[in-house]
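Take a look at the structure set out below.
The values are calculated or read from the model by the stated rules, or taken from the named source; none is laboratory data. All figures in this text were calculated on a predicted structure; none of them were measured in a lab. With ideal geometry, Cβ positions are generated from the backbone for all residues, glycine too; neighbour counts draw on all protein chains shown. Side chains included, ligands, DNA and RNA excluded: accessible areas come from the protein's heavy atoms. Shrake-Rupley method; radii C 1.70, N 1.55, O 1.52, S 1.80 Å.
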Amino acid sequence: MAVGDSFTEGMDDPYPQKGVYRGWADLVATRLAAEVGPDFRYANLAIRGRLFPGVVSEQVPAALAMRPDLISFAAGGNDMLRRNFDLGSLIERFFKVVEELRGSGADVILFRFSDAWVTRLPGARITLPRGTLLNQAVEQAAKSTGAKLVNLNEDPAFHHPLMWSVDRLHLSELGHRRVAGHVLNALGVGCDEEWLLVPPRPEPSPWLAARAADLRWAGRYFAPWVKRRITGRSSGDLITAKRPILGPVEPEGNAAS
């Protein structure tokens, strides 16, 4: 059972079908299904743009109601971008949610995100200290509750530009495969070695080409993001969970249901 936001929904690692994302959670589920057998079931309730309160109020109860054996929980990244972000309140609620998930008897996967991701967020001078404190809280929650911690900050490969989507915010296909490899390792299950291969770094772009790329990025991604913040909208307003109930997993290469 996977709950969270765009990180867990799978942006930007699309299946061939338009509008449906794969991502690390689908990759992990496919591998676990092969390991466990036909009785394995998987659900993914994550929706892009969801704030922490929405994940907790909408997804956590639905997840617990299905009584899964394993739950991944990742939320709070979108909240860090809000001016009214209350770090203390979020950390307090984070601990309570993890305790609730663990109290159900399920194993829980938590993520300590790479600083490479936090520094890519708009307003990095503000978001980096927030992200550092939130990540520290995640580590403490994992230690105090016995949840499994996937520490992505220990992997320098996430500073590689090809691990990131062209939107500079979400993981690329390579990035999601690498996260999937780390999750499977944390679970004691092997993964395809290719998932952890790091390609050569691309040559730096000339200054003018880099600035032109910055302008294209600003028009295509940053400006719409700012508009959504001003209007109070979210990229996930019209999106529903791609796998809302526990169900069998199709072989790798097929789209999610």
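For the residues 134, 184, 101, 169, the requirement of being in a loop (DSSP other than H, G, I, E, B), among the hydrophobic types (A, V, I, L, M, F, W, C), over 19 Å from residue 201 (Cβ atoms) and touching a residue at least 24 places away in the same chain (Cβ under 8 Å) singles out 169. For residue 102, the criteria (1) closer than 26 Å to residue 220 by Cβ; (2) surrounded by fewer than 21 Cβ atoms within 10 Å (Cβ to Cβ) hold in every case but one, which is (1).
Residue under question is residue 128, and the condition is that it be over 13 Å from the mean Cα position of the chain (by Cα) and either farther than 15 Å from residue 25 by Cβ or part of a strand (DSSP E or B) (or both); does it hold? So residue 128 passes the test. When the test is whether a residue is assigned to a loop (DSSP other than H, G, I, E, B) and under 29 Å from residue 88 (Cα atoms), residue 235 passes it. Scanning segment 137-167 for residues that are of a type in the set (S, T, N, Q), under 17 Å from the mean Cα position of the chain (by Cα) and more than 18 Å from residue 195 (Cβ to Cβ) yields a single hit, 153. Number of residues in segment 133-147 that are open to solvent by 70 Å² or more (accessible area, probe 1.4 Å) and either hydrophobic (A, V, I, L, M, F, W, C) or touching an Asp or Glu at 6+ places or on another chain (Cβ under 9 Å) (or both) equals 2. Listed by first and then second residue, the pairs linking a residue in segment 209-229 that is surrounded by 12 or more Cβ atoms within 10 Å (Cβ to Cβ) and part of a helix (DSSP H, G or I) to a residue that is modelled with pLDDT under 90 and among the hydroxyl-bearing types (Ser, Thr, Tyr), with Cβ atoms under 8 Å apart and 6 or more places separating them unless they lie on different chains, are 213/205; 228/234; 228/235.
Yes or no: residue 10 closer than 15 Å to residue 244 by Cα, surrounded by 24 or more Cβ atoms within 10 Å (Cβ to Cβ) and touching a Phe, Trp or Tyr at 6+ places or on another chain (Cβ under 9 Å)?
Spelling it out, residue 10 is indeed closer than 15 Å to residue 244 by Cα, surrounded by 24 or more Cβ atoms within 10 Å (Cβ to Cβ) and touching a Phe, Trp or Tyr at 6+ places or on another chain (Cβ under 9 Å).
The single condition among (1) in contact with a strand residue (DSSP E or B) (Cβ under 8 Å, 6 or more places away or on another chain); (2) farther than 30 Å from residue 221 by Cα that residue 35 does not meet is (1).
Pull up segment 44-96, narrow it to residues that are β-branched (Val, Ile, Thr) and under 15 Å from residue 106 (Cα atoms), then point me to the one that is surrounded by the fewest Cβ atoms within 10 Å (Cβ to Cβ). Please lay out each step first, then the result.
Residues of segment 44-96 that are β-branched (Val, Ile, Thr), as a first pass: 47, 55-56, 60, 71, 91.
Imposing the further condition that a residue be under 15 Å from residue 106 (Cα atoms) reduces the set to 60, 71.
Working: 60: 19, 71: 23.
Out of the qualifying residues, it is 60.
Counting only residues that are open to solvent by 10 Å² or more (accessible area, probe 1.4 Å) and either touching a residue at least 40 places away in the same chain (Cβ under 8 Å) or hydrophobic (A, V, I, L, M, F, W, C) (or both), segment 15-27 holds 6 of them. Tally time: how many residues in segment 104-131 are in contact (Cβ under 8 Å) with a residue 60 or more places away in the chain and among the basic types (Lys, Arg)? Within segment 104-131, residues that are in contact (Cβ under 8 Å) with a residue 60 or more places away in the chain and among the basic types (Lys, Arg) number 0.
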